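Below is one structure; the comments refer to it alone.
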């Protein structure tokens, strides 16, 4: 029998909404299905699968890895359904859990790969790396005496992560240092920084706007958002604070609970999102619990073609409740629901089980959220040549085998480029101008109020 312990997750990478369900592994699970559900045609097809498997085992030119054969067969069965159903081996499943928790045992450095070596982009504040004096620009050449050269970035990251309170020694070359540095660190719990914030405003003028960037939705996001709002409220006097910009551009999603909590932070009441499965009794609704952390200040939400799933839940909820103005370009359009079913030591399967809808009943599947104010941030010419896969807009509707929208016409995606220099960011610039009243737009409500949409 199947025992379910729901944990919902929304993400483009992991498949919109995930409900983790504990399944007792073993052949008895299949046996129960076969006895109760399988027709004679199904039995014949399963026998066909067994025949093919035995032929491969006995006759393939080289001895195959039987575990990989089974995993490939399972994955093929799932991926034939839609782009977001799939099999996750044990390692992939573990990595997904790390991302949704938003914390892991590690050193606290953001890294990239340069000339075969690991380059420190930046140490994270109050982590083992920062306390030991690791600096941006350092090149890590050895991990516990083993050369980094030849490893992929992911392999190097896995070696740096590990159980809390375990040691690791880095050998670092630093510009200006006469010889390599040996730095011994002890791993600690590292919280992925999913929320960043700052005071914002036009150059040379008062910074009277709170800018909050959400990069994903994890177990840490809601608390970090509250901290961001509190910190900005302390730095900007209430009588000068013009409002908040919530940046969800290129945010692929994350936990549903986090998306609901983020939406709830700005809403006093009303529905946030509903999920609907094949059967009518599977419909679930999530509602706001009251209490606007921003005390009714105007809000602009930035989205683009890289804003997916949980990001679209937040944007759709605030748009339907007329609590925020959505600015940017059409979002990705990831509106399907997946259930993650752990298979013990054998990983997990991810199966599409439902769609989700905004408070007004809109399905965003293969359509996305249309902004109230559309402003395209075009790729600069020099960036177009570097962009992997080109710069043409791609969304859910471009994925082969995607679920069809059961209510509305499908739409293509939009560009997902965000300049690294805020001065070149047209979308951010317009949001600032709107909040400060420098320009006006009919789509921007001067005194937004939360409430149930008509």
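The numbers here are math on the coordinates, done by the rules we state, and not lab data. Predicted model only: the values in this text are computed from it and were never measured. Here Cβ is always computed from backbone atoms with ideal geometry, including for glycine, and neighbour counts include all displayed protein chains.
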Quick one: 62, 219, 54, fewest Cβ neighbours within 10 Å first, how do they rank?
62, 54, 219
If you line up the Cα atoms of the chain on their principal axes, what length do they span on each, largest first, in Å?
76, 69, 42
Mean residue ellipticity (222 nm) of the chain, computed from DSSP H runs ≥ 4 via -39,500 (n - 2.57), nearest 500:
-8000 deg cm²/dmol
Sorted by average packing, counted as other Cβ atoms within 10 angstrom per residue and highest first, what order do 106-119, 263-276 take?
263-276, 106-119
Restricted to Cα positions, what overall size does the range 104-191 have along the principal axes? Three whole-Å values, descending.
30, 25, 20
Convex hull per residue volume in Å³, alpha carbons only, for the range 75-135
137 Å³
Rounded to the nearest whole number, the per residue volume of the convex hull around the C-alpha atoms of the range 128-240 in Å³ is 166 Å³
Arrange the following residues from fewest to most other Cβ atoms within 10 Å of their Cβ: 397, 280.
280, 397
DSSP bridge pairs, the chain: antiparallel proportion in percent, nearest 5
75 percent
So for 66, 158, 200, fewest C-beta neighbours within 10 Å to most, what's the order?
66, 158, 200
